[in-house]
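The values are calculated or read from the model by the stated rules, or taken from the named source; none is laboratory data. All values reported here derive from a predicted model rather than from experimental measurement. Positions of Cβ are backbone-derived with ideal geometry, glycine not excepted, and every protein chain shown enters the neighbour counts.
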Amino acid sequence: MVIDKSRVRRHFDRHAHEYERYAVVQAAMAEEVATAALGALRGTMRGRNASGRLDLAAGTGREEYRCEARILEIGCGTGRLTAALARALPEARFVCIDLSANMIAAARQNLAHWQLDPDGNERVTFLEGDAETLVAEGESFSVVASDAGSGLEEPGRRLGFDLIVSNAAFQWFAAPHRTIQACLRLLRPGGALVFSTFGPGTFRQLHASFAEAERLLGLDAVPHGQSFAGEAGWRECFAGADGTFRWSGRVVTETSQDVRAFLHGVKRIGAGNAVVGGHPGVGGRKLLETMERIYTGKFAAPGGGVETDYELGFGIFLRADLA
């Protein structure tokens, strides 16, 4: 299965203005990634005050604490995760990548309040482009980020990041193993990578309904959206890396008024079919009507409407020296 990145970009560009209205599951995932990332950052940077990199304030949760960390975010979207981290880390600097120019424009607007550090310096750098291509450039990417004003160029400091984060974006990778390895090369000693993604059980009701509809209509089965890697697939991406990888996951079931409302919301979060060889939409009218009838009959919610599963996965990698 090959992801059409140009189609992904068009989807997100088209719906950036309404993304947050529909991305309820992604918002909850961002909160969990932020909490995990702050915990990982506190752990990886504790005791480094002598280098001037950290001065943790007493307290927990989302209270502000002094932390001159360099943070890379892959797939920043509208900036929800960025804002949560920037609010908690007023001295951290960020490099935020996204494929969509319109998503970056929304992120700039949402981050206006946290764009400057306490000294009035810019601390959030946005880069538009394919994150897989950018991170694969390794040290040269760090130099580009420095030239863009990220503050990575401080004398005596290795180019790189203390923390790499991503929320609901890794599933778009065309070459996940290669990209993960490239990300790990960008981590400073003791750095952490924290991400969320969707698992193979996501939209299981939709896929099952399409498969049954195609069987009844005598149609060849084609992808109606991408398939997602599970825990084993992501663990394989970190195999051999010098550190510790932890994974957690669960299934969340959402309810929509009906199948059409569900599909409408899916399109508004940019998650239309971006699989090369799949239908650009959800299929012809007869297929859609048959799928909708099957979905409504088999996956009705107890209180009315229809159910949709989202399998959520969360990964944390800690470099070996502090793992």
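Couple of notes before you dig in:
- Among residues of the range 69-115 being in a helix (DSSP H, G or I) and basic (K, R), the one that is nearest to the chain's Cα centre (by Cα) is R80.
- For the range 206-235, a tally of residues being out of contact with any strand residue (DSSP E or B) (no Cβ under 6 Å at 6 or more places or on another chain) and surrounded by 19 or more Cβ atoms within 10 Å (Cβ to Cβ) returns 7.
- Looking only at the range 268-287, and only at residues there that are touching a Phe, Trp or Tyr at 6+ places or on another chain (Cβ under 9 Å) and more than 23 Å from M103 (Cα to Cα), the one that is modelled with the lowest pLDDT: V282
- Index of the failed condition, D258 passing every other in (1) buried (at least 19 other Cβ atoms within 10 Å of the Cβ); (2) modelled with pLDDT of 95 or more: (1)
- Residue match in the range 5-17 (condition: surrounded by fewer than 21 Cβ atoms within 10 Å (Cβ to Cβ), over 14 Å from the mean Cα position of the chain (by Cα) and closer than 23 Å to R87 by Cα): yes
- Of all residues in the range 207-236, those that are touching a Phe, Trp or Tyr at 6+ places or on another chain (Cβ under 7 Å) and within 24 Å of G249 (Cα to Cα) total 6.
- The residues in the range 183-208 that are β-branched (V, I, T) and over 14 Å from I71 (Cβ atoms) can be counted, and the count is 2.
- Answer residue from the range 116-134, given it is acidic (D, E) and not in a helix (DSSP H, G or I) and is farthest from the chain's Cα centre (by Cα) among those: D119
- Of the residues making up the range 59-73, at least one is at pLDDT 95 or above and within 26 Å of G265 (Cβ to Cβ).
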